[in-house]
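Contents: one structure, followed by commentary.
The values are calculated or read from the model by the stated rules, or taken from the named source; none is laboratory data. Being a predicted model, the structure only gives us computed values, none of them experimental. We place every Cβ from the backbone using ideal geometry, glycine too, and count neighbours over all the protein chains shown. All accessible areas refer to the heavy atoms of the entire protein, side chains included, with ligands and DNA or RNA removed. Shrake-Rupley method; radii C 1.70, N 1.55, O 1.52, S 1.80 Å.
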Amino acid sequence: MIQSMTGYGKSVLQLPTKKISIELKSLNSKSLDLNARMPSMYRAKELGIRKLIANSLVRGKVDFSLFVEITGEDTSSKINQTVVKEYIKQLKEVVDGDATELLKMAIRMPDAITTERDDIDEGEWTLISEEIDKAIANIVEYRKDEGATLNQDFTERVATLKRLLEEVIAIDPERIDGVRARLEKGVSDLKEKVDENRFEQELVYYIEKFDITEEKVRLDNHLEYFIKTLNSDDSNGKKLGFISQEMGREINTIGSKSNYAPMQKLVVQMKDELEKIKEQLLNVL
């Protein structure tokens, strides 16, 4: 079953002193384009996270975010009291203000707040890793649901292409008869006597140039192969893209050879359906 590259997954972990939220968002891309945002204290784990996401999501423009919200007394940010007091002392020499206003000014100064870098608690990280796994599972499930919708759309459009191909096949004999009639009329309008055998040979040669038998067979095979690939175990958007290109090649050739308005009308409809398929294939993993 195919998967979409569009997806969203989230998981939340509540610890005694902090809440950790993990989010994954993905859009379509030709390759894996992963952007990771997380507090600096977890940067040592980034490479492992990237590998985990790459193995699960494979392709797409992916945004990974790990947010930490302090909910308890524990905090890594501390007021540098010595520095703040010195700032207040210097500010008093410059401006005459009350203590609260001077403190507001001092606290905004450089080095007034210090952040202590804590070592990662491995027990805590084990819990976080489990939540990352849940977020990945959620986005994969989302992608599968989107893929099911795309699968239905592709199936319906391929069915439409098959119906249009059947109409092309049905009117092909009258198209050939029309080509033959126009050629015979053209020769008769010359009002010259022609060698019937030679004329028939030339007629057959000319009609063969308009023959679309091979294109009809190949297009039908490509349509069957597209559905087979669509329903395979793996999601392979690139392969489906290659098949759609081959489908387009056969449809274009039928159009260029048709020389018959009713058939050209059908070809235009086929091209329209195929373009919609190609557009949606950009979202397939």
Checklist entry - What's the extension gain from residue 44 to residue 29 if we count 0.36 nm per residue and subtract their Cα-Cα distance? => result 2.7 nm
Item to check | Once the Cα gyration tensor of region 235-285 is diagonalised, semi-axes √(5λ) in Å | outcome: 25, 11, 5
Checklist entry - After finding the eigenvalues of the alpha carbon gyration tensor for the chain, what semi-axes result from the square roots of 5 times each, listed largest first in whole Å? => result 72, 22, 13
Next on the checklist: Per residue, how large is the accessible surface of the chain? Use a 1.4 angstrom probe and give square angstrom.
Outcome noted: 60 Å²
Checklist entry - What is the extension gain from residue 130 to residue 233, computed as 0.36 nm multiplied by their sequence separation minus the C-alpha to C-alpha distance, in nm to one decimal? => result 34.4 nm
Item to check | Over region 2-49, relative contact order from alpha-carbon pairs under 8 Å, at least 6 apart, % | outcome: 30 percent
Checklist entry - Which longest uninterrupted range of the chain lacks any GluC sites (Glu not before Pro) assigned by DSSP to a loop state (not H, G, I, E or B) and surrounded by at most 16 other Cβ atoms within 10 Å? => result 193-285
Item to check | Two-site FRET efficiency, residue 176 against residue 275, from Cβ-Cβ distance with R₀ of 30 Å, rounded to 0.05 | outcome: 0.55
Next on the checklist: Can you tell me which lysines have their Cα less than 16 Å from the Cα of residue 209? Leave out same-chain residues fewer than eight positions away.
Outcome noted: 257
Checklist entry - Could you state the principal axis extents of the C-alpha atoms in region 84-162, from the largest down, to the nearest angstrom? => result 87, 36, 16
Checklist entry - Placing +1 at every Lys and Arg Cβ and -1 at every Asp and Glu Cβ, with all other atoms neutral, what dipole size does the chain have around its Cα centre, in debye to the nearest 20? => result 440 debye
Checklist entry - If the cut-off is 18 Å between C-alpha atoms, which lysines fall inside it for residue 61, apart from same-chain ones fewer than 8 positions away? => result 10, 25, 30, 51, 144, 238
Checklist entry - What area, in nm² and to one decimal, does the C-alpha convex hull of region 132-174 cast on average over all directions? => result 2.9 nm²
Checklist entry - Roughly to the nearest percent, how much of the accessible area of the chain is carbon and sulfur, given a 1.4 Å probe? => result 50 percent
Checklist entry - Once phi is turned into θ = phi - 60°, what whole-Hz ³J(HN,Hα) does the Karplus curve with 6.51, -1.76 and 1.60 give for every residue of region 9-26, x standing for Gly and Pro? => result x, 9, 8, 10, 10, 9, 9, x, 10, 7, 10, 10, 10, 10, 10, 10, 10, 9
Item to check | Whole-number percent relative contact order across the chain, with pairs defined as alpha carbons under 8 Å at least 6 apart | outcome: 26 percent
Checklist entry - Assuming R0 = 25 Å, what is the FRET efficiency of residue 162 and residue 268, from their Cβ-Cβ distance, to the nearest 0.05? => result 0.90
Item to check | Volume of the Cα convex hull of region 1-119, divided per residue and given in Å³ | outcome: 155 Å³
Item to check | Amide hydrogen neighbours beyond the local backbone of residue 28, cut-off 5 Å, H modeled | outcome: 61
Next on the checklist: Can you compute the helix-only [θ] at 222 nm over the chain? Use -39500 (n - 2.57) per DSSP H run of at least 4 residues, normalise by all residues, nearest 500 deg cm²/dmol.
Outcome noted: -22000 deg cm²/dmol
Checklist outcome for this item: Placing +1 on each Lys and Arg Cβ and -1 on each Asp and Glu Cβ in the chain, then taking the dipole about the Cα centre, the residue among 176, 154, 225 whose Cα reaches farthest towards the positive end is 176
